[in-house]
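Engineer: Here's a structure for you.
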Amino acid sequence: MFNVMNREVMNYIIAGLIGVLFVFAFAIGIDKMMRIILGNYLLTIICVALWSTIDTISFAIKPLVSQIAFLGVTFGQLDFFLTNSKLTIIILTYLVLMVLIFSKSKIYISLPSDENTRIFLKIIIIPLTVISAILTAQTAILWPTIFNTNSLLILAAQFQNSPLLFYSIARAPLRIFLHGIITVLITSEIKFSKPDSLENI
C-alpha cells in the first residue's frame with residue numbers, strides 16, 4: 001500500500017509540474033515560447049558538451065591528485081568536487097542560460113496575420129515548449145544513458161511502479177526525434193526576420 005501511495009504521490013507531483021509548465025507557456029506568448037524551444041536545442045548541446053568536459057577535466061587531473069591546483073585546493077579535492085557536483089553544475093548552467101535566452105534573445109518570429117492560424121500554432125507550440133524543457137532536462141540528467149537503449153531500459157525498469165516516469169524515460173529518444181521533426185515542420189512555415197524597427201539598426 002505504501003508503494004502505491006508513493007506512486008500516486010509521484011504521479012501527482014509530475015502532473016502538477018507539467019501543468020505549471022503549460023500555464024507558464026500559455027502566459028508568455030508565442031514569441032517567447034519559440035525562444036525557449038529553439039534555445040533548448042542549443043542548451044541540450046551545451047549541457048552534453050559540459051558533461052563531457054567535466055569528465056575530461058576530471059580524467060586529466062587524476063594523476064595530479066596530491067598536487068596543489070590553486071588557493072590551497074588540491075587537484076584531488078577539485079576532482080572530488082567535479083565528480084560529485086557535476087549534475088548540479090549542469091542544471092545551474094542550464095537555468096542561467098535559459099533565463100538569458102528567455103530575457104535577452106533577439107529571435108523575432110513573423111506569424112501569419114490570420115487569427116485562426118495563430119490560434120492553431122499556439123495550440124501546437126504550447127506542448128512543444130513544455131516538452132522541449134522536459135527533454136533537455138532528461139538529456140542533461142540521463143546523458144549518456146539516454147542514447148543507449150539497453151542502459152535506458154534498465155534505468156526505466158527501476159520506475160515500473162510509476163508508469164508516467166517509466167515511459168517518460170524509456171521513450172525519451174523517440175520523443176526527442178518526434179519533437180525535433182515537428183519543430184522543423186512548424187518553423188518551416190514561420191518566417192524568421194527582424195521587425196521593421198530593427199532593420200535600420
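Engineer: Give me the pairs, please: first residue somewhere in region 41-58 and in contact (Cβ under 8 Å) with a residue 24 or more places away in the chain and closer than 12 Å to P144 by Cα, second residue anywhere and aromatic (F, W, Y) and surrounded by 13 or more Cβ atoms within 10 Å (Cβ to Cβ), beta-carbon distance under 7 Å, and either six or more positions apart or on two chains.
Structural biologist: Matching pairs, first to second residue: C47/Y94; V48/W143; W51/W143.
Engineer: If you scan region 155-177, which residues turn out to be more than 26 Å from T53 (Cβ to Cβ) and either exposed (fewer than 13 other Cβ atoms within 10 Å of the Cβ) or β-branched (V, I, T) (or both)?
Structural biologist: A157, Q158, Q160, P163, L174
Engineer: Do we find that F70 is modelled with pLDDT of 85 or more, over 23 Å from Q138 (Cβ atoms) and either loosely packed, with under 12 Cβ neighbours inside 10 Å or not acidic (D, E) (or both) in this structure? Steps first, please.
Structural biologist: On the way: modelled with pLDDT of 85 or more: no; over 23 Å from Q138 (Cβ atoms): yes; either loosely packed, with under 12 Cβ neighbours inside 10 Å or not acidic (D, E) (or both): yes.
No.
Engineer: Further, regarding this structure: Just to be sure I understand the filter: pairs with C-beta atoms under 9 Å, separated by 6 or more residues or on different chains, first member in region 59-74 and part of a strand (DSSP E or B), second member exposed (fewer than 11 other Cβ atoms within 10 Å of the Cβ) and modelled with pLDDT under 75. Which pairs pass?
Structural biologist: What qualifies is T74/S66; T74/Q67.
Engineer: Moving on. Please specify each residue of region 145-154 satisfying the condition of being surrounded by 13 or more Cβ atoms within 10 Å (Cβ to Cβ) and among the hydroxyl-bearing types (S, T, Y).
Structural biologist: Correct list: T145, S151.
Engineer: Pick from region 120-141 the residues that are out of contact with any helix residue (DSSP H, G or I) (no Cβ under 7 Å at 6 or more places or on another chain) and touching a residue at least 12 places away in the same chain (Cβ under 8 Å): which of them is surrounded by the most Cβ atoms within 10 Å (Cβ to Cβ)?
Structural biologist: Residues of region 120-141 out of contact with any helix residue (DSSP H, G or I) (no Cβ under 7 Å at 6 or more places or on another chain): 120, 123, 127, 134, 137.
Keeping just the survivors that are touching a residue at least 12 places away in the same chain (Cβ under 8 Å) gives 127, 134, 137.
Working: P127: 15, I134: 19, A137: 17.
Per the criteria, the residue is I134.
Engineer: Let me ask something else about it. If the Cβ limit is 7 Å and pairs must be 6+ apart or interchain, which residue in region 154-169 that is closer than 16 Å to L142 by Cβ pairs with which residue that is assigned to a helix (DSSP H, G or I) and among the small types (G, A, S)?
Structural biologist: A156/A170; F166/A156; I169/A156
Engineer: Which one of T139, T117 is over 16 Å from I28 (Cβ atoms) and at pLDDT below 80? So that I can check it myself, show each step before the final result.
Structural biologist: Numbers: T139 fails: at pLDDT below 80.
Unique residue meeting the criteria: T117.
Engineer: Moving on. Do you know which residues across region 162-177 are part of a helix (DSSP H, G or I), hydroxyl-bearing (S, T, Y) and more than 14 Å from S132 (Cα to Cα)?
Structural biologist: So the first thing to find is which residues in region 162-177 are part of a helix (DSSP H, G or I), and the list is 163-170, 172-177.
So of that shortlist, the ones also hydroxyl-bearing (S, T, Y) come out as 167-168.
The one that is part of a helix (DSSP H, G or I), hydroxyl-bearing (S, T, Y) and more than 14 Å from S132 (Cα to Cα): Y167.
Engineer: I'm trying to understand the selection: among the residues of region 31-45, which are buried (at least 18 other Cβ atoms within 10 Å of the Cβ) and hydrophobic (A, V, I, L, M, F, W, C)?
Structural biologist: Once the filter is applied, which keeps residues that are buried (at least 18 other Cβ atoms within 10 Å of the Cβ) and hydrophobic (A, V, I, L, M, F, W, C), region 31-45 yields M33, M34, I36, I37, L38, L43.
The values are calculated or read from the model by the stated rules, or taken from the named source; none is laboratory data. Fair warning: this is a prediction, and the values are worked out from it, not measured in the lab. We place every Cβ from the backbone using ideal geometry, glycine too, and count neighbours over all the protein chains shown.
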